[in-house]
1. With each pseudo-label sitting 7 Å past Cα toward Cβ, what's the residue 99-residue 67 distance in nm, one decimal?
2. At a 10 angstrom cut-off on C-beta neighbours, averaged per residue, how do the peptides 148-158, 100-110 rank from highest to lowest?
3. Taking R0 as 22 Å, what FRET efficiency do you get between residue 146 and residue 121 from their Cβ-Cβ distance, rounded to the nearest 0.05?
4. Where a ≥ b ≥ c are the square roots of the eigenvalues of the C-alpha gyration tensor, would you call the stretch 32-166 rounded, which needs a/c under 1.5, or, failing that, prolate if a/b is larger than b/c, or oblate?
5. What FRET efficiency comes out for the pair residue 77/residue 44, r = Cβ-Cβ distance, R0 = 30 Å, nearest 0.05?
Ligand SMILES: [Zn+2]
């Protein structure tokens with residue numbers, strides 16, 4: 001019997017793990033973390049809750065915000081590609097990262113425009129633009145128009161919803 005591995009939607013059915021993650025905090029098996037799989041990921045919050053750590057779930061699915069200056073990625077100079085911690089979607093190259101001093105990892109452009117979803121956000125009495133993962137709709141952070149050249153944009157991203165795949 002031939003089953004398409006990539007379409008396995010079963011949270012506990014995948015025994016085969018091919019991931020080489022650099023995420024020591026990751027202590028749960030997340031079958032939806034598939035950097036090479038480009039299809040949109042639609043998963044219920046109940047299932048996300050089973051496969052994401054509480055910290056990732058809080059930001060990604062409940063639009064929470066990590067405390068500023070707590071992410072090791074904020075000052076990190078690692079060279080590679082930042083991916084969505086929920087689904088593995090490539091989001092930002094490390095060469096688009098800059099030190100904003102705002103307390104969260106900051107980038108001036110995404111890896112591709114389609115990597116992100118942009119949504120007006122009027123919560124908390126502010127007018128902002130929310131950015132979500134273009135593949136799984138995880139909440140990532142916000143984009144502001146006070147960034148450096150060449151884009152003038154500042155993607156202010158919660159580090160907890162990022163993983164880095166270091167360049168070889
Ligand atoms: Zn994602």
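Derivation of every value follows stated rules applied to the coordinates shown; laboratory data play no part. Please read these numbers as outputs of a predicted model, since none were measured by experiment. Here Cβ is always computed from backbone atoms with ideal geometry, including for glycine, and neighbour counts include all displayed protein chains.
1. Going by the 7 Å Cα→Cβ label model, 2.3 nm.
2. 100-110, 148-158
3. Calculated value: 0.85.
4. Because its axes are fairly even, with a/c under 1.5, the stretch 32-166 counts as rounded.
5. My answer for the efficiency is 0.20.
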